[in-house]
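Down below is the structure, laid out as structure tokens.
Rule-based calculations on the coordinates, nothing more; no lab input. As the structure is a prediction and not an experimental result, all values here were calculated from the model. A quick note on method: Cβ atoms are made from the backbone with ideal geometry, for glycine too, and the neighbour counts reach across all protein chains shown.
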Amino acid sequence: MKITILTLFPKMFTGFLETSVIKRALALELVKIDIVDIRDYATNKFRHVDDTPYGGGAGMLLQIEPIDRALLANRSKDSYVLLTSPKAKPYDQAKARELAKKDDIVIICGHYEGIDARVEHLVDEKISIGDYVLTGGELASMVIADSVIRLKNEVINPDSLAFESYDDDLLEYPQYTKPYDYKGFKVPDILLSGDHKKIEHYRKKMSLLDTLRFRPDLIKRHRFTREQKELLLEILDDLKSGNIKVD
Ligand code: ADE
């Protein structure tokens, strides 16, 4: 897989490319990432890539021409082109899974003061990473690249991907490591029982409970299996009896 990022701030990507899972994925050549400086495609000697808005208004807008030139020089006919923007549908795990199937993605990083609206015509899709405004699309492009790359085969241990938050619209169950007792906060005993069936049952229940507690909006759109309906009834009983305590 190849990911090409068009940006005004290439330096922002140094830490991202040189750390942890992404560094390893690059070293193993599981992914190739090209960072392209949009200014290299400016048509003036001052390398200016922005100008004032037609119709007036504050600030400078990123122009379409350098972006188009950068895109033409760095895309292939098969590239899937994204534009980061707060004016788009919010990104989620389903979209990450969809993008992970592509071989060639180009991400154009938007600009904090704005971007010529015609850039929309150059892209396949606009993506927002959430309902807040960032100073530019660089962090958004890293979020997209990170979430996509970790889904590629062999980038991380497949067991870690076996069940994780947002699969099936549920949050991942809570996990614990040593010590058993930290300042009175104890690991649930069932996890030490060695009984794999019981542990699996407990984890399924906790996944439902945590989704109810922290993301009830996900529960609303979730289609429950018969097993999950039974688990929900168990959770209610556990809460009533004090078997499970929540804040
Ligand atoms: N640029 C500014 N805010 C953004 C957001 N929330 N998502 C993607 N790109 C952005």
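Listed values, structure above:
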read-out	value
Pair LYS198, ARG226: separation of 7 Å Cα→Cβ label points (nm)	2.6
Lys, Arg +1 and Asp, Glu -1 on Cβ, resulting dipole of segment 114-202 about Cα centre, debye, nearest 20	420
Debye log10 I(q)/I(0) for the chain, one point scatterer per Cα, at q = 0.08 Å⁻¹	-0.45
DSSP-loop chymotrypsin sites (Phe, Trp or Tyr not before Pro) across segment 190-247, with at most 12 other Cβ within 10 angstrom	PHE224
Per residue Cα convex hull volume in Å³ - calculated over segment 51-115	97
Residues ASP103 and HIS48, FRET efficiency given R0 of 30 Å [Cβ-Cβ distance, rounded to 0.05]	0.30
Most fluctuating residue given options SER85, SER76, SER128, as computed from a GNM of the chain linking Cα atoms under 10 Å	SER76
Residue pairs, from the table LYS101/LYS152; LYS32/LYS101; LYS89/LYS205; LYS32/LYS152, whose Cα atoms sit over 19 Å apart	LYS89/LYS205
Sorted largest first, extent of segment 163-241 alpha carbons per principal axis (Å)	37, 24, 21
Extension gain from LYS77 to ASP34, taking 0.36 nm per residue of separation minus the Cα-Cα distance	13.8 nm
Debye, to nearest 20: dipole size of the chain, +1 on Lys, Arg Cβ, -1 on Asp, Glu Cβ	300
GNM result for the chain, Cα springs below 10 Å: residue of VAL187, VAL21, VAL155 fluctuating most strongly	VAL187
For segment 135-185 and segment 53-109, distance of Cα centres in Å	25
Sequence-separation-based contact order of the chain, relative, with Cα cut under 8 Å and 6+ spacing, percent	17
Expected 222 nm ellipticity per residue - DSSP helices of 4 or more, -39500 (n - 2.57), all of the chain, to 500	-10500 deg cm²/dmol
Restricting segment 200-247 to trypsin sites (Lys or Arg not before Pro) in coil, as DSSP defines it, with at most 10 other Cβ within 10 Å	ARG223, LYS245
Percent antiparallel among DSSP beta bridges (both partners in the chain, rounded to 5)	20
Segment 43-124: GluC sites (Glu not before Pro) in DSSP loop, at most 13 other beta carbons within 10 Å	none
